[in-house]
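Asks: Take this structure, written in structure tokens, and hold onto it; I'll ask about it next.
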Amino acid sequence: LYAGKTSELTKGLAAPVKAFGLKKGDFLAVIDGMEMDVARDIRAPDWDELDLYCDRVASAVGRLSARIFGIDDAKGRELSHHLGRALQMTNILRDLDEDSEMGRLYLPKEALREADIKDRDLAKVLSNSGLDKACGLVAARAKTHFAQAESVMEHCARESVRSPRIMASVYRALLDKLVERGWTPPRREVRPSKLQFAWAVMRYGMV
């Protein structure tokens, strides 16, 4: 595509790539993130590897989206950095059991160590009494990223950050629900509220 050739898979991207100046490296980062899930045994990565994973599967998508939304390039990259990580960490905390069924554990090894969780057997990790502490450490980082993303959005044109604000509002509320519920088994399912989504659309979706 970036060499000027199109196929059935890429022809739909040709016009947007040209119109919005979408970066080849961001598309490749998304592919690399998917490859991490497929090719690697992701069980308790360190913080650096988790950060790289979040950058590829979430922040890279944000960087592409920010250009389409018309956000200033520097602010768009900063916003994508923080909001992408906040959203992905929230997903990780929400999907512990679902990921475990696929043999994955995205909680960083440093957080598990600090919570005195030494097992690497997924079932034992998810039933450990220290799981709340380990998840709490990830939740704290996610909250910091949400706050930093909000700070960036305050300095962007309102119409350019409608979608990011909606996402941030819904996912921050979801994170708060997860923290309130905790991670001690049995864990009831927590999903975004339709009411919260409607409220976010009403508040941020109207210019």
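The values are calculated or read from the model by the stated rules, or taken from the named source; none is laboratory data. This structure is a prediction, so every number in the text was calculated from the model and none was measured. Glycine also receives a Cβ, built like all others from the backbone with ideal geometry; neighbour counts cover every protein chain displayed. These accessible areas exclude ligands, DNA and RNA; they are computed on the full protein's heavy atoms, side chains included. Shrake-Rupley method; radii C 1.70, N 1.55, O 1.52, S 1.80 Å.
Asks: If you take all C-alpha pairs in the stretch 97-137, what percent of them are over 16 Å apart? Please list the in-between numbers first.
Replies: Values: 189 of 820 pairs.
Tail of P(r) above 16 Å: 23 percent of Cα pairs.
Asks: Please list Leu195, Leu9 in order of solvent-accessible area, largest first, computed with a 1.4 Å probe with all protein chains present. Walk me through the intermediate numbers first.
Replies: Numbers: Leu195 135, Leu9 165 Å².
Of Leu195, Leu9, the descending order of accessible area is Leu9, Leu195.
Asks: Take the Cα pairs of the stretch 67-178, get the Kirkwood Rh, then feed it into Stokes-Einstein at 4 °C and 1.567 mPa s and tell me D in µm²/s. Mind dumping the intermediate values first?
Replies: On the way: Rh = 15.1 Å.
Calculated translational D: 86 µm²/s.
Asks: Taking amide H positions as placed 1.01 Å from N in the peptide plane, with prolines and chain starts having none, which residues 5 or more places from Arg43, or on another chain, fall under 5 Å of its amide H?
Replies: Leu105
Asks: In a GNM of the chain with a 10 Å cut-off on Cα contacts, which of Leu105, Leu122, Leu93 has the highest mean-square fluctuation?
Replies: Comparing Leu105, Leu122, Leu93 in a Gaussian network model of the chain, the most mobile one is Leu122.
Asks: Whose amide H sits under 5 Å from the amide H of Ile71, counting only residues 5 or more places off or on another chain, with H placed in the peptide plane?
Replies: Under 5 Å from the amide H of Ile71: no residue qualifies.
Asks: Rounded, prolate or oblate: pick one for the stretch 129-207, where a ≥ b ≥ c are the square roots of the eigenvalues of its C-alpha gyration tensor, a/c under 1.5 means rounded, and failing that, prolate if a/b is larger than b/c, else oblate.
Replies: oblate
Asks: Hey, what D do you get for the stretch 43-88 in µm²/s if you plug the Kirkwood alpha-carbon radius into Stokes-Einstein at 10 °C and 1.306 mPa s? Please report the intermediate quantities before stating the final value.
Replies: Details: Rh = 10.6 Å.
Taking Rh from Cα pairs, D becomes 150 µm²/s.
Asks: Which of these, Ala74, Ala142, Ala29, has the largest mean-square fluctuation under a Gaussian network model of the chain (Cα springs below 10 Å)?
Replies: Of Ala74, Ala142, Ala29, the Gaussian network model singles out Ala74 as fluctuating most.
Asks: Place a +1 charge on the Cβ of each Lys and Arg in the chain and a -1 charge on the Cβ of each Asp and Glu, then give the dipole magnitude about the Cα centre in debye, rounded to the nearest 20. Numbers along the way, then the final one.
Replies: Working: 34 positive and 31 negative charges, 140 e Å.
Charge dipole, the chain, about its Cα centre: 680 debye, nearest 20.
Asks: Another one. Rg to Rh ratio, the chain, alpha-carbon atoms and Kirkwood radius? Walk me through the numbers before you get to the answer.
Replies: Values: Rg = 18.2 Å, Rh = 18.2 Å.
So for the chain, dividing Rg by the Kirkwood Rh gives 1.00.
Asks: Which distance in Å, rounded to a whole number, links the C-alpha centroids of the stretch 172-196 and the stretch 28-76?
Replies: If we compute the Cα centre of each part, the gap is 24 Å.
Asks: Okay, next question. Between Met36, Met153, Met102, find the one with the highest GNM mean-square fluctuation for the chain; connect C-alpha pairs within less than 10 Å.
Replies: Met102
Asks: Under 19 Å Cα to Cα from Lys5, which aspartates and glutamates show up? Leave out anything in the same chain fewer than 8 places away.
Replies: Partners within reach: Asp26.
Asks: Also, I was wondering about something else. With +1 on the Cβ of every Lys and Arg and -1 on the Cβ of every Asp and Glu, and nothing else charged, how large is the dipole of the stretch 43-154 about its Cα centre, in debye rounded to the nearest 20? Let's see the in-between values first.
Replies: On the way: 17 positive and 21 negative charges, 18 e Å.
Roughly 80 debye for the stretch 43-154.
Asks: Please work out the Cα convex hull volume for the stretch 1-101 and give it in Å³ per residue.
Replies: 124 Å³
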